[in-house]
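Worksheet for the structure shown next.
The values are calculated or read from the model by the stated rules, or taken from the named source; none is laboratory data. Quick caveat: nothing in here was measured; it's all calculated off a predicted structure. We place every Cβ from the backbone using ideal geometry, glycine too, and count neighbours over all the protein chains shown. Please note that ligands, DNA and RNA were not included when accessible areas were found on the heavy atoms of the full protein model with its side chains. Shrake-Rupley method; radii C 1.70, N 1.55, O 1.52, S 1.80 Å.
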Amino acid sequence: MISNQILQNTIDGLREITRVDLCVLDMEGQVLASTEKQPENCSSEVAAFIVSPADSQVVHGYQFFKVFDENQLEYVLLAKGASDDVYMVGKMVAFQLSSLLTAYKERFDKDNFVKNLLLDNLLLVDIYNRAKKLHIATEVRRVVFIIESSRDQINTALELVRSHCGSRSRDFVTAVDEKNVIVVRELAPSEGYDEMHIAAEEMKEAVAVLEGEDVHIALGTIVGEIKEVSRSYKEARMALDVGRIFFSEKEIVAYSTLGIGRLIYQLPIPLCKMFIREIFDGRSPDDFDEETLTTINKFFENSLNVSETSRQLYIHRNTLVYRLDKLQKSTGLDLRVFEDAITFKIALMVVKYMKYMETLDY
């Protein structure tokens, strides 16, 4: 359960304090971590020690200790030396390793619980029973973040986020797939979406330590009970997908800001195709030339303001009116009329959605 690197770091630190060489072995006598470069081969001695009733013994200048995970023997610890002081050090190190095992087991249990909670794999009664057993508060405000990184190794991003959230002991950092890191964050009573956007910025900076690394973060809505955490997770997943389609320029997207894109994302493709046929009479916005598309987008950016759009496009007002009249003749939609503008805008978004779904098919 504990990685060899963590074991090594632990006994290295204890070696610095006690000046006693230490070695951790598995049940076959294989070295997992050691402060000595070439520890002696003690596989036969370890085998004999494991089956003996003694908790400790001295063999060939080493003191052997058993390290238990609850009642299960997990490791054999060797402390170099036969003195009483070394015995005391060995007992303390064995206790430290047992405590480490307990802590990591609890962390593993909590991580497993949170994963199943996010994926909706738990019955309602199981959620509250397991939360109580794991000492997880059930009625606090939480929100789910999903962090998508261009990193090849999800474990690296996971550790970076855990390190960033290290001081927040009630936050959960996990991963349910090989692409995304998930943070279930507990909120203070005074915190809201503005503070969560700042938190997302800080997470992005923590992960994007490599130059040119692409990081996107999505967050769901704030929920008040643990049973609703899975809903916040689903909303964050939708925000991540919808953000790719309609807000590709944004690195942080909140579910509450998706607007009409959230509705379009849930439309079936056949219905989308039917809508586009009806609006453009078999044509597609892709058929428009670049000048027309630039004019349309700029007109929408400026809230259908003719004067401001013509100024930003560096064209005369009459030229813009001519282009809009030409577009009206070809589509039957006058973008200066709010209802027609809304229809056209939705149609453009639907086409974007259809293109995105086509790329997934490939």
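A few comments on the model shown:
- Stokes-Einstein translational diffusion, the stretch 76-206 - Kirkwood Rh over all Cα pairs, 1.567 mPa s, 4 °C, in µm²/s: 75 µm²/s
- Per residue, the chain exposes 56 Å² of accessible surface when a 1.4 Å probe is rolled over the protein heavy atoms with every protein chain present.
- P(r), alpha carbons of the stretch 136-197 - 10 Å bins starting at zero, rounded %: 21, 50, 25, 3
- Here the Kirkwood formula, the inverse mean of 1/r across different C-alpha pairs, assigns the stretch 162-232 a hydrodynamic radius of 13.4 Å.
- Projected area, mean over directions - the stretch 228-336, Cα convex hull, nm²: 8.5 nm²
- The chain - share of DSSP beta bridges that are antiparallel (%, nearest 5): 90 percent
- Where the Cα pairs of the stretch 1-51 fall when distances are cut into 10 Å bins, in %: 25, 49, 25, 0
- Accessible surface of the stretch 220-327, 1.4 Å probe: 50 percent of it comes from carbon and sulfur atoms.
- Ellipticity estimate at 222 nm from DSSP helix runs (n ≥ 4, -39,500 (n - 2.57)) divided over the chain, nearest 500: -17000 deg cm²/dmol
- Principal axis box of the stretch 24-64, alpha-carbon based, largest edge first, Å: 30, 20, 14
- The stretch 318-343 residues near the modelled ASP289 label - backbone nitrogen below 19 Å, point 7 Å along Cα→Cβ: 318-332
- Element breakdown for the stretch 124-165 at a 1.4 angstrom probe: carbon and sulfur atoms account for 49% of the accessible area.
- The chain, Rg to Rh (Cα coordinates; Rh as Kirkwood inverse mean 1/r): 1.19
- Working from Cα pairs under 8 Å separated by at least six residues, relative contact order for the chain is 10 percent.
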